[in-house]
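One structure below.
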Amino acid sequence: MTALTTRSVLDEAVISVDAARLRAEVDGTVIEATGPIELRARLAATVYTHLHLRNPLLGETAGGDGQDLAPRLIDAIPHRTVLQPAPSGVLGSATVQGEERRVVELGRVRVLVPEVDLVRSADGAVAGVRLPSWRTRTTPGYLLALGPMGLDPADRVVRLSLVADSAEDALALWGPLLEALAASGARHQAKALSDPRAFPRSDALVVYLPADSADDVARRITPLLDARPSPRTAVSAFAERLADGLAYAEDPADERSSYRGLSFGQHRSRVLAEALLRSSAETIPAADAWADAARAARIDPDRPGLTAR
């Protein structure tokens, strides 16, 4: 995967930090705190909205959990259901409101499903369960579309992020994007912002897929982006820009307990914020502090969309 440009993340915004005075500023947004922990949290949140989301107006909350766009996003999904494997088969039965249900195990969780949703092999054994191909609120403010084949736990998952300046821009891209993914045959999941108040945003649409499929899928997506006016919103400062409005990044590989569970943007923003605070407190160059922090977090300091190997 080749980026169009490589630029230091430290050049993406004008940031000043005064750790002693508990004060910082990011592109004109002033941050003041009552203590070091609050300053770190607020600086990381501001870096997140300015450098990752590319929408400072979202504020530190970075949007809500609205699902106003969900019906239109769901209508564009080309397949209505996905097959969820149920390797343990039927484990029992139960009656719910007068209707018979089967007990199956999905992802180590036992659930009740109607017989009609079970998929059986030629010998009658249960192969899996048909489930809706979308999920709401898996990620706040997004709708998630599951690919027909899903993702394999053994996959090294990466992401392709698409910029959208508005809800209509995202809706116009969503259907063709899903069609391109279906044509590629790649295992994938894709999500789209479902809250119209959260635009513009650098990650309005995100595709998760195996690393070995990323080049082919990116080539299929690029013509969709070329057919629209160039977005006013930039891609994330932490990602690899592949085209106007398209970026590539690898999932965080930071094994430190306090960094687990963070999204890509949250992880990069926190690591950069901590580096800038150390630079101020210890009076060392910001580039040196960032390089140290990035390596500790398994980030390539020169290309922060990539994992340091």
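Every read-out reported here was derived from the displayed coordinates using simple, explicitly stated rules and does not represent laboratory data. Everything quoted here is computed from the prediction, not taken from an experiment. Here Cβ is always computed from backbone atoms with ideal geometry, including for glycine, and neighbour counts include all displayed protein chains.
Start at zero, step by 10 Å, and the Cα-Cα distances of the stretch 214-309 spread as 15, 39, 28, 14, 3 percent across the bins. Where only DSSP H runs of four or more residues are counted, the chain gives -8000 deg cm²/dmol as its mean residue ellipticity at 222 nm, each run worth -39500 (n - 2.57).
Under the membrane-span-like helix rule (DSSP H runs whose alpha carbons stretch at least 24 Å along the helix axis, mean Kyte-Doolittle hydropathy -1.0 or higher), the chain yields 167-184, 264-282. Using R0 = 35 Å, the C-beta based FRET efficiency linking residue 287 and residue 41 works out to 0.90. Cβ crowding within 10 Å ranks 53, 83 as 83, 53, fewest other Cβ atoms first.
With R₀ fixed at 30 Å, the C-beta to C-beta distance from residue 243 to residue 75 puts the FRET efficiency at about 0.65.
Candidates 227, 91, 192 compared by Cα position along the dipole of the chain: farthest toward the positive end lies 91, with charges placed on Cβ. Modelled this way, with points 7 Å down the Cα-to-C-beta line, the labels at residue 166 and residue 57 are 1.2 nm from one another.
In plain terms, the residue of 11, 18 with the fewest other Cβ atoms within 10 Å comes first and the most crowded comes last, giving 11, 18. In the frame of its principal axes, the chain has Cα extents of 70, 43, 37 Å, reported largest first.
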